[in-house]
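The values are calculated or read from the model by the stated rules, or taken from the named source; none is laboratory data. Quick caveat, the model's predicted, so the values are computed rather than measured. All Cβ positions, even for glycine, are placed from backbone atoms using ideal geometry, and neighbour counts span all protein chains on display.
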Amino acid sequence: MKTRLSVMLAAALLSIYVFAQSEPYALGNFDHVVSQPAPGGDTTDGGPQAVSDIRSVAGVPLVRLNNGVMMPRFGLGTQVQSMEGASQRQQLNETVRGMVIAALQSGYRHLDDAMFYYNERGTGWGIRESGVPREEIWVTSKISGNLADAQNAFNGILERLQVDYVDLVYIHHPAGTLADILSCWRVMEKEYKAGRIRALGISNFDNRMEAFNYIMDSAEIKPQVAQIECHPLAQRTDARQLYAENYDIHVECWYPLNHNRNDPTNSTIQQIAAAHGKSVYQIILRWHMQEGLCPVPGSTNPAHILENISIFDFALSDEEMAAIRGIDRGNAGRSFNIGYGNYSFGNFQDYTYDHEYTPATTENIEVVEAIRDGVIYTLDGKPVGNDRTVLTPGVYISNREKIAIIQ
Ligand SMILES: NC(=O)c1ccc[n+]([C@@H]2O[C@H](COP(=O)([O-])OP(=O)(O)OC[C@H]3O[C@@H](n4cnc5c(N)ncnc54)[C@H](OP(=O)(O)O)[C@@H]3O)[C@@H](O)[C@H]2O)c1
């Protein structure tokens, strides 16, 4: 009996090993030579960041940044633009709380947030309730608005997310004066040295090269990550070359699905999706992975959240990658392309971007599998009541429990 059990255990371990080895395409770790001091250098114990425990989960590769820190190279975008109005913040944060739980339970370990999204409190609650330890999650936020008051902004980020360190903090937009941008960077460097930020980022700086050059000339800690709009119809080869090849800055892609506009209906992508029996969204995200990029797709729907990360069991061929490269429309394919200059987000927004949020009381939170004949079932096949108020497609709430629907 004992021998039979050992054989079964060995067979199970072998199949796990074979599965782990069967990555169909080398996604690469982009293993950089470390050229920057590690975070936490000003403290004897590395500061709060020293507890970080980032690992590869659900097939997502890690990338080693230019300061040696490992980042999961796939994440969840948490912005829900359609709910950002002042009267909708409660609903927005409830939705984001559900998205974050669904994503962490589906294997995501990277969350892309920003103070400008008015949803950091919902993200923080989602992290706490997900069951995944905070130190296993890569948490990003972005400072925007009044960059001269960055210390207040950063303190607010920690408080709203309910964390004692943030893995990556970007300057969201190169808006305002160069002096304000640098004063924000200095605060970020100070927090990096104290271990409360693990990597520094610039977002949309390719749209204002004087700000990019100013930071590269003046920064003591150079950026680890740059966020740009990037998807098959706007592949951003110039910006990618500038950051990745010239400066060893890892490129992260916002609007990886082009905000669900034109890329998913492109016929080349549709044909490749049909050939693989995958969705167009999976093909687009797999393209990002094979290009060495870090996409952060957003979705309010737990089924889509799970679908989007289920891209590590197939590979695009060289011909398919070339075909997708061929549909690039350059700048014409971009959704958002503004010059910044002295254009300041802080001029017309409350720069703290704070929001009130009281989480709805929940007895339990569960991911359910399906609605069949109007009845909602949990993952383990239990039918549950249907006295739910629809918050968003796929995320439901009742007076008893909050339920994320996978259908
Ligand atoms: N740095 C910056 O300036 C900047 C600017 C914009 C965005 N961002 C970041 O980029 C993230 C992503 O942007 P985004 O969410 O606006 O755009 P996106 O990821 O390109 O697309 C999201 C849209 O695609 C739909 N979708 C996602 N997966 C799907 C699937 N499997 N099947 C069908 N539909 C699917 C979503 O609808 P459902 O909700 O119905 O799934 C949503 O409408 C943001 O959350 C934010 O973190 C950064």
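Taking each residue of segment 118-136 that is in contact (Cβ under 8 Å) with a residue 12 or more places away in the chain and looking for partners that are surrounded by fewer than 24 Cβ atoms within 10 Å (Cβ to Cβ) and among the acidic types (D, E) with beta-carbon atoms closer than 6 Å, six or more apart or interchain, yields Y118/E84; E135/D53; E136/D53. Filtered by the rule that a residue be away from the ligand (no atom under 13 Å from the Cβ), of a type in the set (A, V, I, L, M, F, W, C) and in a loop (DSSP other than H, G, I, E, B), segment 285-314 gives F312, F314. So which residues in segment 85-107 are without any contact (Cβ under 8 Å) to a residue 40 or more places away in the chain and over 15 Å from S299 (Cα atoms)? G85, A86, S87, Q88 - these are the residues of segment 85-107 that are without any contact (Cβ under 8 Å) to a residue 40 or more places away in the chain and over 15 Å from S299 (Cα atoms). Comparison of E135, E120 shows that the only residue that is closer than 25 Å to I228 by Cα, charged (D, E, K, R) and within 17 Å of the chain's Cα centre (by Cα) is E120.
The set of residues from segment 245-272 being crowded, with 18+ Cβ neighbours inside 10 Å and outside any loop (DSSP other than H, G, I, E, B) comprises H250, V251, E252, C253, W254, N258, D263, P264, I269, I272. Determine whether Q91 is surrounded by fewer than 21 Cβ atoms within 10 Å (Cβ to Cβ), within 12 Å of the ligand (Cβ to nearest atom) and polar (S, T, N, Q). Considered against the rule, which asks whether it is surrounded by fewer than 21 Cβ atoms within 10 Å (Cβ to Cβ), within 12 Å of the ligand (Cβ to nearest atom) and polar (S, T, N, Q), Q91 comes out as no.
Inside segment 52-77, residues that are within 27 Å of H259 (Cα to Cα) and not in a loop (DSSP other than H, G, I, E, B) make up a count of 6. On inspection, V100 does not qualify as β-branched (V, I, T), closer than 19 Å to Y165 by Cα and away from the ligand (no atom under 15 Å from the Cβ).
Taking segment 271-284 as the range and being within 13 Å of the ligand (Cβ to nearest atom) and either under 18 Å from G326 (Cβ atoms) or touching a Lys or Arg at 6+ places or on another chain (Cβ under 6 Å) (or both) as the test, the residues that pass are A273, V280, I283, I284.
Note on segment 315-343: residues that are within 15 Å of the ligand (Cβ to nearest atom) and either closer than 30 Å to A150 by Cα or among the aliphatic types (A, V, I, L, M) (or both) amount to 8.
Only a single item in (1) in a strand (DSSP E or B); (2) not assigned by TED's automatic domain parsing to the domain that holds K142 is not met by G41, and it is number (1). For segment 17-31, the criterion of a residue being surrounded by 13 or more Cβ atoms within 10 Å (Cβ to Cβ), at pLDDT 55 or above and not basic (K, R) is satisfied by at least one position.
Could you go through segment 252-266 and let me know if any residue there is farther than 23 Å from S299 by Cα and either within 14 Å of the ligand (Cβ to nearest atom) or at pLDDT below 95 (or both). The answer is no; no qualifying residue exists.
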